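The structure under discussion appears below in the form of structure tokens.
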Amino acid sequence: MYFQGPKPCLSHTKYNVTRCHLPLKASTSYFHTATVFKSTPSLITVTEEPDTLFQKVSILVKCHDRAVLDSYELFATMAANELGITISKVYEPPKAIDRLTLLKSIHIFKKHRVQYEMRTHYRCIELSHLTGCTAQAYLEYVQRNLPEGVAMEVTKVQSTALLTYSK
Amino acid sequence: MATHTGKVILSLGRINVVGLGVKTTVSSVTYATALSTNRSARNEGRLDGQGKGPFSRKPKRLAKEPRTAEMSVEQDWTAVYPSAKPFRPNAVPLPVRMGYPVKRGVPPEKKGNLELIKIPNFLHLTPAAIKKHCQALKPFCTEWPSALDNDDKCDEHFPIKVTSTDYVSAGPSVRNPSARIVHLKVKLSSLNLDDHARKKIVKLVGERYCKRTDMLTITTNSCPLRKQNYDYAMYLLTVLYHESWKIEAWEAEKTVADMEEYSWEDSPSQKNIIDLLLRLKVAEGGEVEEEQELLKSGEVQEYKDSVTRLKNEAASESSTLQYKEAVKKVFNL
């Protein structure tokens, strides 16, 4: 009773976007041989399942190196612009430093210590108004190209409706 | 004596001849010329009889020109670095220097530089490559419906917001247990509730309702999978909605202490003021007025408004002033 069906209350047809189902094998062929793409029949299947709507997708990347995050931000924003995704905010939350003080020697010498620290730099890219297909394609692209030593958290806010309970 | 080898040795302009005590010679024409010069050079260099022992040195390859020398400016860089690969100084035509300089020196050059290999490079993600990739990804993307261009319309048609987080990191396991948590947010004003149902649902959810933003937040993390938590959250919302519409027998026993907000009808304040006004009238002149007429008079209504406002909202200067004015009017001061 709480599944989304095609919406009768919205009169514009553009809403009924259909979900694009990507067969796994196809993704590898596009990047290397452009000519093959043209000659093979279309590998995209279109289903009748209604698309999900994401009001906001927030990508937070963490790394020990700020320069790597700069380059990654450039890449992600350029990819979003190319795919026509609206970027609402790109900002840098302040870095977090974990400090550790240990004894320098293995035995005695309490007065002589050594200090280590771990710096975690952050970058946040907030995208708005994405469909499920676009989000899946963009996130997969961006996650496959995550460099070594970078972690990511993706927070998705999906808008749904319960027809039975709305006014 | 020419002997055939079992293996086919590919020639890229260099010869890779394994010379560990076994003399292998290839008799085909393409290899012959290079091989013969190598062999003669090798034999001349080894006059002290090192060539035949079990630990004879591998012949050194002739160093070629780095690939960067043959690269043109108009080349297709996406073919040089099609995917993520470590930094190769002979394949990148940039005069990059990296590292800490020694005293009175410069950062070390790119040849044999470990620092350049350690750091992740984005050579495979140049703007041209990104454009190519996005061209290939475009068919899989769908457009956002143009009628839902601002947030208000989105909220109007799709009032329920489901939030979940995905985690990507390197480690022994791909899974992150925090990924199963689902938050469901909905504004109660968008649900079909009447007065009784609204009060009941607020009582049922307790802390999950924020009065200031009129937002009900249901957070589920008790199931191991995200889909299960989502289904559970939807189930909870369904149950809350239906239960709030039902009227149970014991709800008739609701006392004044259970009420959410103050109502002036049948309250001690009403009884007191009516009583007071009746006694005043009796003491003054003797006109016995009906209770109903007293209640309908403007001053009593104003008094009622000011008392209700004082009790329901936090006490502020304006509300206390309003009460003072209303009291003065009632007693004609």
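What follows is calculated from the coordinates using simple rules that are stated; it is not laboratory data. Nothing here was measured: the structure is a model prediction, and the numbers come from that model. Cβ: placed from backbone, ideal geometry, glycine included. Neighbour counts: every protein chain shown.
The table that follows gives values for the structure above.
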read-out	value
Net charge, residue A:79 excluded, C-beta distance under 13 Å - Lys, Arg +1, Asp, Glu -1	+1
Rounded to whole Hz, the Karplus (6.51, -1.76, 1.60) HN-Hα couplings of the stretch B:304-309, x for glycine and proline	4, 4, 5, 5, 4, 5
Under-27-angstrom lysine pairs by C-alpha in the stretch B:228-333, whenever the two are 8 or more apart or on separate chains	27
Residue A:87-residue B:328 FRET efficiency (beta carbon distance; Förster radius 60 Å; 0.05 resolution)	0.50
Per DSSP, loop GluC sites (Glu not before Pro) in the stretch B:295-333 with at most 13 further Cβ within 10 Å	B:313
Label point distance in nm, residue B:146-residue B:274, each placed 7 Å from Cα along Cα→Cβ	6.4
Förster radius 22 Å - calculated FRET efficiency between residue B:314 and residue B:195, Cβ distance, rounded to 0.05	0.45
Whole-Hz couplings from phi, Karplus 6.51/-1.76/1.60, listed for the stretch A:88-101; x for Gly and Pro	8, 8, 10, 8, 10, x, x, 6, 10, 10, 9, 10, 9, 10
Table column - 3J(HN,Hα) (Hz), the stretch B:119-129, Karplus curve with 6.51, -1.76, 1.60, x for Gly and Pro	6, x, 10, 10, 5, 8, 10, 6, x, 5, 5
Average beta-carbon neighbours from other chains, 10 Å sphere, peptide B:124-134	5
26 Å Cα-Cα threshold exceeded, pairs from A:156/B:85; B:132/B:153; A:62/A:156; A:110/B:118	A:156/B:85; B:132/B:153; A:110/B:118
